[in-house]
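> So that we are looking at the same thing, I have put the structure below in structure tokens.
The values are calculated or read from the model by the stated rules, or taken from the named source; none is laboratory data. If you're wondering where the values come from, they're calculated on a predicted model, not measured in any experiment. As a convention, Cβ positions derive from the backbone with ideal geometry for all residues, glycine included, and neighbour counts pool all protein chains shown.
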């Protein structure tokens with residue numbers, strides 16, 4: 001009898017011990033699970049943040065074009081707050097771009113405040129060895145508030161500088177425009193201007209551009225019009241659509 | 001447990017949880033902000049800047065070191081802080097929080113430099129860079145509070 005009682009208490013003790021071990025193990029597992037949950041939520045949180053950022057940035061370009069919003073650094077002719085925004089991705093050394101240069105000028109003149117025309121650089125460096133330098137030169141002139149003047153001179157004289165020492169010729173243009181030459185030379189080589197042109201180029205890549213000129217009218221990529229009247233019609237249709 | 005052991009653990013309990021969570025939230029905001037700037041820089045899309053100047057600042061020579069955007073360094077900086085705070089929450093090892101309390105000085109120095117560049121060199125302000133500077137200053141203050149709480153408890 002006494003032996004039985006002893007056995008029972010021993011068993012009880014053993015049971016208690018086992019339940020204590022079990023509890024300890026459960027606590028340990030709980031702690032491990034808690035740690036896993038903590039780190040998994042950290043990974044999820046960081047991934048979600050990166051995803052949200054990339055998604056918003058990635059969607060920005062078409063959205064930005066569709067919303068007609070123009071960046072601070074964009075060169076805009078006409079009315080930058082107009083309902084009609086025409087964006088051109090262009091290369092100063094491409095012959096098709098020269099073809100559209102007078103058409104755009106005429107359009108801006110004719111539509112006046114009804115449209116905003118944005119010029120963005122898309123120099124095709126491999127095909128046109130001086131295209132990037134031309135873009136930098138226009139930007140450097142822009143630093144002295146003569147972007148459009150330099151833009152026009154570069155397009156008007158494309159044949160002159162395409163086959164010769166372009167840099168020397170651009171400096172001549174700068175002199176003609178009464179720019180501070182030292183500043184102009186310094187700006188051409190500045191990282192700021194190179195970044196600006198590169199940023200334009202990259203935004204073009206993001207927008208799926210592979211040729212110049214490429215036009216976006218209120219965010220929609222349009223097929224290059226064959227002549228002035230066709231261009232005018234497309235814009236008029238968009239004006240009607242928006243009114 | 002010896003007395004020396006007790007005194008080495010005691011300070012752990014003295015760092016207010018609120019301070020730790022403030023660290024966590026601030027570093028996450030900084031990480032989010034720096035990631036946004038980096039993504040914009042890499043993808044070359046224009047900024048949604050509510051004050052004029054984001055593009056001027058980001059296109060400037062001060063926005064990169066070599067080919068690395070400084071914003072990317074910001075991403076790494078905030079991520080280190082965030083991970084170390086979580087590591088502290090996980091292990092309760094004082095090392096992590098002590099490290100952060102000193103590490104935030106790096107962010108403060110960088111922020112002072114970038115504020116100087118924006119105000120006096122480029123003369124343009126970038127909203128997202130200002131947010132980052134604000135977060136760095138907050139983190140620095142939190143770092144001081146951590147060191148202070150450590151001194152009080154010890």
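> Taking the condition in the same structural domain as residue A:75 (by TED's automatic domain parsing) and surrounded by fewer than 16 Cβ atoms within 10 Å (Cβ to Cβ), does residue A:187 pass?
Values: in the same structural domain as residue A:75 (by TED's automatic domain parsing): yes; surrounded by fewer than 16 Cβ atoms within 10 Å (Cβ to Cβ): no.
The answer is no for residue A:187.
> Condition test on residue B:56, is it modelled with pLDDT under 80 and either within 11 Å of another protein chain (Cβ to nearest Cβ) or touching a strand residue (DSSP E or B) at 6+ places or on another chain (Cβ under 8 Å) (or both)?
So residue B:56 fits the description; yes.
> Would you confirm whether or not the stretch A:204-211 contains a residue that is closer than 19 Å to residue A:92 by Cα, in a loop (DSSP other than H, G, I, E, B), under 14 Å from the mean Cα position of the chain (by Cα) and in contact (Cβ under 8 Å) with a residue 12 or more places away in the chain?
yes
> Same structure again: Being closer than 23 Å to residue B:32 by Cβ and free of Cβ contacts under 8 Å to residues at least 60 places away in the same chain is the filter here, so list the residues in the stretch B:118-148 that pass it.
B:130, B:133, B:134, B:137, B:140, B:141, B:143
> For the stretch B:113-140, how many residues meet the condition of being surrounded by 14 or more Cβ atoms within 10 Å (Cβ to Cβ) and more than 10 Å from the chain's Cα centre (by Cα)?
If we filter the stretch B:113-140 for residues that are surrounded by 14 or more Cβ atoms within 10 Å (Cβ to Cβ), which is where we start, we get B:114-115, B:117-118, B:122, B:124-140.
Those still in the list that are more than 10 Å from the chain's Cα centre (by Cα) too: B:114-115, B:117-118, B:122, B:124-131.
Number satisfying all stated conditions: 13.
> From the list A:132, A:139, exactly one residue is at pLDDT below 95, assigned to a helix (DSSP H, G or I) and either under 25 Å from the mean Cα position of the chain (by Cα) or surrounded by fewer than 19 Cβ atoms within 10 Å (Cβ to Cβ) (or both). Which is it?
Only one candidate passes the filter, namely A:132.
> Where residues in the stretch A:184-214 are over 16 Å from residue A:132 (Cα atoms) and in contact with a helix residue (DSSP H, G or I) (Cβ under 8 Å, 6 or more places away or on another chain), which of them is modelled with the lowest pLDDT?
Only one residue tops the list, namely A:206.
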